[in-house]
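Here the structure comes first, spelled out in structure tokens, and everything after it is commentary.
The values are calculated or read from the model by the stated rules, or taken from the named source; none is laboratory data. Bear in mind the structure is a predicted one, so any value in this text is a computation, not a measurement. In this analysis, Cβ positions are derived from the backbone assuming ideal geometry, glycine residues included, and neighbour counts consider all displayed protein chains.
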Amino acid sequence: MPLASPIISGIQKLILYETRARYFLVGSNHAETKYRVLKIDRTEPKDLVIIDDKHVYTQQEVRELLGRLDLGNRTKMGQKGSSGLSRAVSAFGIVGFVQFLEGYYIVLITKRRKMADIGGHAIYKIEDTSMLYIPNDSVRVTHPDEARYLRIFQNVDLSSNFYFSYSYDLSHSLQYNLTILRMPTEIMKSEMPTQTRQEGFDIFEDEAISSHGGSSTFGICSEPYMKYVWNGELLNCIKNIVHRDWLLYIIHGFCGQSKLLIYGRPIYVTLMARRSSKFAGTRFLKRGANCEGDVANEVETEQIVHDASVMSFSAGSYSSYVQVRGSVPLYWSQDISTMMPKPPITLDQADPYAHVAAYHFDQMLQRFGSPIIILNLVKEREKRRHERILSDELVAAVTYLNQFIPPERSIVYIPWDMAKYTKSKLCNVLDRLNVIAENVVKRTGFFVNRPDAYCSVLRPDEKWHDLGGVVGPSGHLQTGVLRTNCVDCLDRTNTAQFMVGKCALAYQLYSLGLIDKPNLQFDTDAVRLFEELYEDHGDTLSLQYGGSQLVHRVKTYRKIAPWTQHSKDIMQTLSRYYSNAFSDADRQDAINLFLGVFKPTEGKSHLWELPTDFYLHHKNTMKLLHSKRSTQC
């Protein structure tokens, strides 16, 4: 379908100029043909005062404006060498604005690195940032605890696995982005689902020129899915003041891309992980779920395959598959006050009507549709009841909830004690996972942006006709999702996700006409590259949540890991244990401050004085506290 005329592209280059009274943030598109200007007041000690005139300037108009500002702010008119306007920093985007106990700071992206390209749309990793205090020193009102909050905030390393794109919405899946993109603007609002219409969107033009017909590359700028946005709170204070072009949303997790050559055709395989910003934290300090159904270590992993010879969303061939990992959606925790390798698992609250699981699966059904398939890798047979506590409760919750769901949409529960099978010499773990993977991918299907699957005509395969999902004008759509978990959602989970991803990759390559059958064997170039991507993906997520790289890898379960790997595994286990015992509390404080879960307030307890952050993450407990106080009054 033809696309409507695009609007101005996003701001990609910024220069911050300063005077004693103002900051002037000048932003331009990539080609530096269109400019916008923000004026930030520096005379207010506590309030953030930003003016956006919403005007689009030419390069000449900006030069004249800066010249007038320079002239008007000189201390001694006509004196050579004196300047009232100085260049403070060059940047590539605004992370946001934050306030502790004094005035506001602005956080800018000062260094970036391109990590991937999807349809001509670049995905960047933040390499470095700059944090500037906005009020001028002459009006600054100092607070003794400001410096400590600043240190805690900066403990979130923005140069470690934070990603953004100017022209592609990273918080949504490729399926979501492309199914909106194919609708003409004039009918988009009338035909799209109610939820999507409420979220809002813009179609805009990137400055890049695609290789297909010399036409411009279009991007989609829908309202982001805030669960996977990590700087949402930092942008809240300006969201309704400035033009949409200034708002650059970042995600946290992983992004990697590998290139395959198949019969001379360049094929990109991209692996992207979006870590949830809800109930976020470190391994032992964030377990289970909060009262709103957000679970710890929830990560949405998407694998995208596309033919890079045609860099155009409207003309190219694109496929994706999405799966999820996350902590068992129950109220549970582990006490790490006593130094033990495996602290006891405790169910913290009785939840006979499975409220927290209901909220969680309701979120998933709204985002992915049905079926929701749970692959539970938690141990089921143990000498001492430990992990099994979670399995028993999860089975009870799913059984209870399925009473209220139509049979065709019921939650599918697959229990498999992966640890037990790993120890068995008679069972091949990956063969069993492969059977599960085939079953899962057949039920959910996957996304291809073309409804005409020529491969099934030219090279028919019986497996193709059993495939789930929905075929529509936008192509073959994935419906439903696999949700994998073990206790930590790290080692076992990553291997299981790899095997499901490998199965989906075979279908994706087959659907694009690149292989004869929807099967991929180990020890092929495609699988080797994909395994490397998944190892990097697993290591990155494990470091973020557990404090160390993966302990058990795909090679471990294939039983081809070298002898030296055993000693490395011991070191990773010790590293994870040390991180959990000594540094996780500081990391948790930093995450709570960065995400706005805790906001410093004069006269109230400081972040480091709180005995627990339980009340910050379980909002219903705060409501109970307020209602109790109002009753007493």
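Tabulated results
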quantity: Residue tally, condition over 30 Å from ALA21 (Cβ atoms), in a strand (DSSP E or B) and either of a type outside the set (Lys, Arg) or not assigned by TED's automatic domain parsing to the domain that holds ASN161 (or both), over segment 104-125; calculated: 8
quantity: Only listed residue being touching a His at 6+ places or on another chain (Cβ under 6 Å) and surrounded by 15 or more Cβ atoms within 10 Å (Cβ to Cβ), chosen from ASP491, ASP417; calculated: ASP491
quantity: Residue tally, condition among the aliphatic types (A, V, I, L, M) and more than 20 Å from the chain's Cα centre (by Cα), over segment 471-495; calculated: 3
quantity: Tally of residues being of a type in the set (Lys, Arg) and without any contact (Cβ under 8 Å) to a residue 24 or more places away in the chain across segment 495-529; calculated: 1
quantity: Every residue from segment 282-307 that is in a strand (DSSP E or B) and under 24 Å from ALA585 (Cβ atoms); calculated: ALA289, VAL295, VAL299
quantity: Condition met for SER327 (hydroxyl-bearing (Ser, Thr, Tyr) and either touching a residue at least 40 places away in the same chain (Cβ under 8 Å) or loosely packed, with under 15 Cβ neighbours inside 10 Å (or both)); calculated: yes
quantity: Test: residue in segment 136-148 that is crowded, with 20+ Cβ neighbours inside 10 Å and modelled with pLDDT of 95 or more; calculated: no
quantity: Residue within segment 153-175 that is of a type in the set (Ser, Thr, Tyr), in a helix (DSSP H, G or I) and at pLDDT 95 or above present; calculated: no
quantity: Positions within segment 344-371 being touching a Ser or Thr at 6+ places or on another chain (Cβ under 7 Å) and not in a loop (DSSP other than H, G, I, E, B), in sequence order; calculated: THR346
quantity: Segment 236-270, residues that are hydrophobic (A, V, I, L, M, F, W, C) and within 12 Å of the chain's Cα centre (by Cα); calculated: ILE250, ILE251, PHE254, CYS255
quantity: Every residue from segment 77-125 that is closer than 30 Å to SER320 by Cα, modelled with pLDDT under 95 and hydrophobic (A, V, I, L, M, F, W, C); calculated: ILE118, ALA122
quantity: Subset of segment 227-237 (residues that are farther than 26 Å from GLN366 by Cα and surrounded by fewer than 19 Cβ atoms within 10 Å (Cβ to Cβ)); calculated: CYS237
quantity: Failed condition for VAL324, given (1) in a strand (DSSP E or B); (2) under 20 Å from GLN544 (Cβ atoms); (3) touching a His at 6+ places or on another chain (Cβ under 9 Å); (4) not basic (Lys, Arg); calculated: (3)
quantity: Segment 298-312, residues that are at pLDDT 95 or above and among the β-branched types (Val, Ile, Thr); calculated: VAL299, THR301, ILE304, VAL305
quantity: Some residue of segment 221-234 being outside any loop (DSSP other than H, G, I, E, B), charged (D, E, K, R), modelled with pLDDT of 95 or more and more than 26 Å from LEU477 (Cα to Cα); calculated: yes
quantity: Those residues of segment 341-364 which are modelled with pLDDT under 95, more than 16 Å from ASN620 (Cβ to Cβ) and either outside the structural domain of LEU477 (by TED's automatic domain parsing) or among the aliphatic types (A, V, I, L, M) (or both), in sequence order; calculated: ILE345, LEU347
quantity: Out of PHE279, PHE254, sole residue that is touching a residue at least 40 places away in the same chain (Cβ under 8 Å), touching a helix residue (DSSP H, G or I) at 6+ places or on another chain (Cβ under 9 Å), in a loop (DSSP other than H, G, I, E, B) and surrounded by 21 or more Cβ atoms within 10 Å (Cβ to Cβ); calculated: PHE279
quantity: The listed residue being touching a Lys or Arg at 6+ places or on another chain (Cβ under 7 Å) and at pLDDT below 85, out of SER575, SER548; calculated: SER548
quantity: Qualifying residue in segment 331-350 (condition: under 24 Å from MET499 (Cα atoms), of a type outside the set (S, T, N, Q) and in contact (Cβ under 8 Å) with a residue 60 or more places away in the chain); calculated: no
quantity: Top-ranked residue in segment 47-63 [being without any contact (Cβ under 8 Å) to a residue 24 or more places away in the chain and farther than 25 Å from TYR105 by Cβ; ranked as surrounded by the most Cβ atoms within 10 Å (Cβ to Cβ)]; calculated: TYR57
quantity: Odd one out for ALA506, checked against (1) small (Gly, Ala, Ser); (2) under 21 Å from the mean Cα position of the chain (by Cα); (3) farther than 16 Å from GLN175 by Cβ; calculated: (2)
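Conditions (1) outside any strand (DSSP E or B); (2) modelled with pLDDT under 95; (3) farther than 15 Å from ASP245 by Cα, marked per residue:
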| position | (1), (2), (3) |
| --- | --- |
| TYR17 | no, no, yes |
| ARG20 | yes, yes, yes |
| PHE24 | no, no, yes |
| GLY27 | no, no, no |
| GLU32 | yes, yes, no |
| ARG36 | no, no, no |
| ILE40 | no, no, yes |
| LEU48 | yes, no, yes |
| HIS55 | yes, yes, no |
